[in-house]
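Trainee: Below: one structure in structure tokens.
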Amino acid sequence: MEQQLKQLEQEALARIEAAVSLKELNDVRVAYLGKKGPITDLLKGMGKLSAEERPKMGALVNTVRENLTDVLTAKSAALEEAAIQEQLEKESIDVTLPGAKVQIGNRHPLTRVIEEIEDLFVSMGYEIAEGPEVEKDYYNFEALNLPKGHPARDMQDSFYISEEILLRTHTSPVQARTMEAKKGEPIRIICPGKVFRRDTDDATHSHQFMQIEGLVIGDNIRMSDLKGTLDALAKKMFGAEREIRLRPSFFPFTEPSVEVDVSCHKCGGAGCNVCKKTGWIEILGAGMVHPNVLEMAGYDSKKVSGFAFGIGAERIAMLKYGVDDIRHFYTNDVRFLSQFHRSEG
Ligand code: PHE
């Protein structure tokens, strides 16, 4: 009987050892230690043993049973641990894999031009101002020395919403609005924004475009201040070697008025297709603020003076980036827009 028990134990230990799943292990437990298992049978057969043998055998069976139970528990823990390990490995994330690429856009070329100009003027102590795109006739024209019926109104054909309200044709109304708000105080602002004109769209005209207005008012502001400021602008936008030249012009809100040309950045002034063989490219209109404009806004034109300028943002961007059609800026063609990606600073 002892022999039989030893053999059973060996068998059971071998099957426990070989078990690869918790289910298999449980089958072994039931098979050997269960109520219908061989060990229980052995215990039942104990009655047939002699009085001396009985306790000896009883102890032996108990030892075997305890041993098997211990080995089963240990194996069960090992299998559970292995199962957890396997699951962890299955669910682990390989963080060394490259992530899904996100397409990064870039700033619109007009935004870039405006931000560059803003940076320059903010560095010179200017504030950035804003004004409404739907504007009163008063600010768009009258406060700028363009009373009703003035022939120079024809220079800027407008979209009227009513007799007195229109889509602003330039950013100059922000001049009048700022002067009114500052009530005689000195001013140094630039104002970028959308403007609208009743023009037929073609390669160089658009019914909607962008301007950047500049206005400086204070004691003893002179034409030479205007010239120095615009020279810094030309150099910043087109390169340190650029020169500017002023040509007499007319705007009702400035006197004297000038058109400002910059020496051609492509040929350096020798003459090429960009500057139409003249060596110069017109970039903006400017002048000294007209005394009537100062007076209407409550400034004493005998005490203070100022200059103003208006830059076309599209024109600067077209020249700077070699764009041949203004309409490219508005059609949202990614083939056009993505070309400004690499040079992004
Ligand atoms: N507002 C003018 C235009 O749109 C430009 C300008 C602005 C001229 C300021 C002089 C001073 O044509």
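Trainee: With the chain treated as a Gaussian network of Cα nodes joined by springs under 10 Å, which of 45, 228, 285 yields the largest mean-square fluctuation?
Mentor: Taking springs between Cα atoms under 10 Å, the residue moving most is 45.
Trainee: Once each part is reduced to its C-alpha centroid, what is the distance from the stretch 142-189 to the stretch 88-119 in angstrom?
Mentor: 42 Å
Trainee: How large is the Kirkwood hydrodynamic radius of the stretch 182-319, in angstrom, based on all distinct alpha carbon pairs?
Mentor: That comes to 16.1 Å for the stretch 182-319.
Trainee: Work out, step by step, the length gained on full extension between residue 152 and residue 128: first 0.36 nm times the residue separation, then minus their alpha carbon distance; give nm to one decimal.
Mentor: 5.8 nm
Trainee: For a paramagnetic label modelled at 7 Å from the Cα of residue 48 toward its Cβ, which residues of the stretch 1-34 fall within the zone defined by backbone nitrogen distances under 19 Å?
Mentor: 1-9
Trainee: To the nearest 10 degrees, how steeply does helix 173-182 sit against the main Cα axis of the chain, on a 0 to 90 scale?
Mentor: Once rounded, the angle reads 90 degrees.
Trainee: Please report, for the Cα atoms of the chain, the Rg to one decimal and the Dmax as a whole number; what are they, in angstrom?
Mentor: Both quantities, over Cα of the chain: 45.1, 137 Å.
Trainee: Treat every Asp and Glu Cβ in the chain as -1 and every Lys and Arg Cβ as +1, leave all other atoms uncharged, and give the resulting dipole magnitude about the Cα centre to the nearest 20 debye.
Mentor: 340 debye
Trainee: Listed here are the pairs 148/302; 227/303; 227/276; 183/303; 136/194; 23/44; which of them are more than 18 Å apart at the Cα?
Mentor: From 148/302; 227/303; 227/276; 183/303; 136/194; 23/44, over 18 Å: 148/302; 227/303; 227/276; 23/44.
Trainee: Something else about it: Based on the mean of other Cβ atoms within 10 Å per residue, sort peptides 104-115, 87-98 so the most packed one is first.
Mentor: Going by the mean number of other Cβ atoms within 10 Å, highest first, we get 104-115, 87-98.
Trainee: Can you give the Kirkwood hydrodynamic radius for the stretch 49-196, in Å, rounded to one decimal and based on Cα pairs?
Mentor: Values: mean 1/r = 0.0419 Å⁻¹.
One over the average 1/r among Cα pairs gives 23.9 Å for the stretch 49-196.
Trainee: Pull out the extension gain between residue 302 and residue 31, defined as 0.36 nm times the separation in residues minus the alpha carbon to alpha carbon distance; nm, one decimal.
Mentor: That pair, residue 302 and residue 31, stretches by 86.1 nm at full extension.
Trainee: Then there's this: For the stretch 189-270, what are Rg and Dmax over the alpha carbons, in angstrom?
Mentor: When restricted to the Cα atoms of the stretch 189-270, Rg and Dmax are 15.0, 43 Å.
Trainee: Quick one: the Cα spread of the stretch 1-68 along its three principal axes, in angstroms, biggest first?
Mentor: So the extents along the principal axes, rounded to whole Å, are 42, 19, 16.
Trainee: All other residues with a Cβ under 13 Å from the Cβ of residue 160 taken together, and with Lys, Arg as +1 and Asp, Glu as -1, what is their net charge? Present the calculation step by step, with values, prior to reporting the outcome.
Mentor: Values: positive: 136, 148, 153, 168, 197, 198; negative: 135, 137, 157, 163, 164.
Residues near residue 160 contribute +1 overall.
Trainee: For the stretch 270-311, what ratio Rg/Rh do Cα atoms give with a Kirkwood hydrodynamic radius?
Mentor: Across the stretch 270-311, the Cα-based Rg/Rh ratio is 1.33.
Trainee: Mind giving me the FRET efficiency for residue 85 and residue 335? R0 is 51 Å, r the Cβ-Cβ distance, nearest 0.05 is fine. Don't skip to the answer; put the middle values down first.
Mentor: Details: r = 53 Å, r/R0 = 1.03.
The computed FRET efficiency comes out at 0.45.
Trainee: Please get the size of the charge dipole for the stretch 24-142, origin at its Cα centre, with Cβ charges of +1 on Lys and Arg and -1 on Asp and Glu, quoted in debye to the nearest 20. All intermediate terms of the calculation are to be shown ahead of the outcome.
Mentor: Details: 14 positive and 23 negative charges, 451 e Å.
Value, rounded to 20: 2160 debye.
Trainee: Based on the Cα gyration tensor of the stretch 247-301, what are the three equivalent ellipsoid semi-axes, each the root of five times an eigenvalue, rounded to whole Å and given largest first?
Mentor: Values: eigenvalues 229, 13, 9 Å².
Equivalent ellipsoid semi-axes, largest first: 34, 8, 7 Å.
Trainee: I've got another one for you. I need the per residue convex hull volume for the stretch 304-345, using only the alpha carbons, in cubic angstrom as a whole number.
Mentor: That works out to 110 Å³ per residue.
Trainee: Lys/Arg Cβ at +1, Asp/Glu Cβ at -1, dipole of the stretch 63-134 taken about the Cα centre: which of 109, 87, 122 is farthest positive-ward?
Mentor: Working it through, the farthest residue towards the positive pole turns out to be 87.
Trainee: To continue, here is another question. Give the angle, between 0 and 90 degrees and rounded to the nearest 10, that separates the Cα long axis of helix 53-91 from the longest principal axis of the Cα atoms of the chain.
Mentor: The angle comes out at about 20 degrees.
Read the figures in this text as sums done on the coordinates, not as results from a lab. Values in this document were obtained by computation on a predicted structure and should not be read as measured data. With ideal geometry, Cβ positions are generated from the backbone for all residues, glycine too; neighbour counts draw on all protein chains shown.
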